[in-house]
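Here the structure is laid out as structure tokens; the discussion comes afterwards.
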Amino acid sequence: AQKVTQAQTEISVVEKEDVTLDCVYETRDTTYYLFWYKQPPSGELVFLIRRNSFDEQNEISGRYSWNFQKSTSSFNFTITASQVVDSAVYFCALLPPLTQGGSEKLVFGKGTKLTVNP
Amino acid sequence: EAQVTQNPRYLITVTGKKLTVTCSQNMNHEYMSWYRQDPGLGLRQIYYSMNVEVTDKGDVPEGYKVSRKEKRNFPLILESPSPNQTSLYFCASSAQLVTSTDTQYFGPGTRLTVL
């Protein structure tokens with residue numbers, strides 16, 4: 001069975017602090033995809049990154065970086081020099097390989113609510 | 001502009017009164033799906049569709065129906081809504097996540113309250 005665990009329910013930091021959001025996943029598949037989404041207070045879901053299981057290179061995009069470690073089944077997300085606009089709920093998600101029926105079913109973690117205080 | 005639209009954005013209804021939440025995408029995506037988001041439970045898939053006339057159940061399909069008569073539209077139908085279907089609903093579309101570098105686009109969400 002596939003499962004995504006985001007153990008941190010809520011995190012509160014002060015602006016300019018670095019913060020890491022943890023994501024641990026479970027799957028028996030060797031091929032899979034991992035995602036991060038951001039849900040700001042306005043409610044929409046914003047895609048941040050997609051990573052496939054064969055690419056363990058870390059990725060950096062501006063103040064955002066992602067650390068994918070297959071050995072620990074983790075795909076952690078770090079925000080450097082956090083800003084108030086980073087306040088949101090962040091979801092990690094796992095996409096197993098296509099089933100015979102072709103389902104592309106994202107399995108989401110329960111999310112981490114990040115509050116960045118001025 | 002690439003987008004997924006949902007209507008209505010907010011709806012308050014009563015138990016048993018049939019309703020439809022529409023979803024439309026303008027990206028010619030093959031894949032569309034519906035999720036519901038509930039506090040403490042995260043997002044769970046209700047139904048998905050790989051293409052026109054091809055639909056299948058997700059994790060929580062009970063009480064819902066869908067149809068995919070056209071590529072761009074994927075309405076969610078609640079034949080007899082009940083209070084436990086009070087939730088925030090998201091429609092999503094993609095060009096097939098595993099075969100392209102495309103992303104999964106989400107609609108703005110529909111907040112449904114069933115009294």
> Say we look at the stretch B:80-105 and pick out the residues that are modelled with pLDDT of 95 or more and not polar (S, T, N, Q); which of these is farthest from the chain's Cα centre (by Cα)?
Replying inline: B:Pro83
> B:Gly109 versus (1) at the interface with chain A (Cβ under 8 Å from one of its Cβ atoms); (2) of a type outside the set (Ser, Thr, Tyr); (3) surrounded by fewer than 19 Cβ atoms within 10 Å (Cβ to Cβ); (4) in contact (Cβ under 8 Å) with a residue 40 or more places away in the chain: which is the lone unmet condition?
Replying inline: (3)
> Can you tell me which residue in the stretch A:69-102 is modelled with the lowest pLDDT, limited to those that are under 23 Å from A:Val24 (Cβ atoms), within 11 Å of another protein chain (Cβ to nearest Cβ) and surrounded by 16 or more Cβ atoms within 10 Å (Cβ to Cβ)?
Replying inline: A:Pro96
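Any residue that is closer than 26 Å to A:Ala1 by Cβ, more than 13 Å from every other protein chain (Cβ to nearest Cβ) and surrounded by fewer than 21 Cβ atoms within 10 Å (Cβ to Cβ) - is there at least one of those in the stretch B:47-62?
Quick first cut of the stretch B:47-62, residues closer than 26 Å to A:Ala1 by Cβ only: B:47-50, B:54-62.
Pick out the ones that are also more than 13 Å from every other protein chain (Cβ to nearest Cβ) and you get B:62.
So of that shortlist, the ones also surrounded by fewer than 21 Cβ atoms within 10 Å (Cβ to Cβ) come out as B:62.
Yes, because at least one residue in the stretch B:47-62 is closer than 26 Å to A:Ala1 by Cβ, more than 13 Å from every other protein chain (Cβ to nearest Cβ) and surrounded by fewer than 21 Cβ atoms within 10 Å (Cβ to Cβ).
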> Can you name the number of the only condition in (1) within 14 Å of chain B (Cβ to nearest Cβ); (2) of a type in the set (Ser, Thr, Tyr); (3) closer than 30 Å to B:Leu112 by Cα that A:Ser12 fails?
Replying inline: (1)
>> Of everything in the stretch B:63-82, what is surrounded by fewer than 15 Cβ atoms within 10 Å (Cβ to Cβ) and in contact with a helix residue (DSSP H, G or I) (Cβ under 9 Å, 6 or more places away or on another chain)? Give them in sequence order.
In response: B:Gly63
> Taking interchain pairs and intrachain pairs at least six residues apart, which have beta carbon atoms under 7 angstrom, with the first residue in the stretch A:3-20 and without any contact (Cβ under 8 Å) to a residue 24 or more places away in the chain and the second surrounded by 12 or more Cβ atoms within 10 Å (Cβ to Cβ) and part of a loop (DSSP other than H, G, I, E, B)?
Replying inline: A:Ala7/A:Asp22
> Looking at the stretch B:19-45, which of the residues that are outside any strand (DSSP E or B) and without any contact (Cβ under 8 Å) to a residue 12 or more places away in the chain is surrounded by the most Cβ atoms within 10 Å (Cβ to Cβ)?
Replying inline: B:Leu41
>> Please go through (1) crowded, with 16+ Cβ neighbours inside 10 Å; (2) at the interface with chain B (Cβ under 9 Å from one of its Cβ atoms); (3) of a type in the set (Gly, Ala, Ser) for A:Ser42 and return the number of the only condition it doesn't satisfy.
In response: (1)
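The values are calculated or read from the model by the stated rules, or taken from the named source; none is laboratory data. Just so it is clear, the model here is predicted, and its values are computed rather than measured. So basically every Cβ, Gly included, is an ideal-geometry build from the backbone, and we count neighbours across all protein chains shown.
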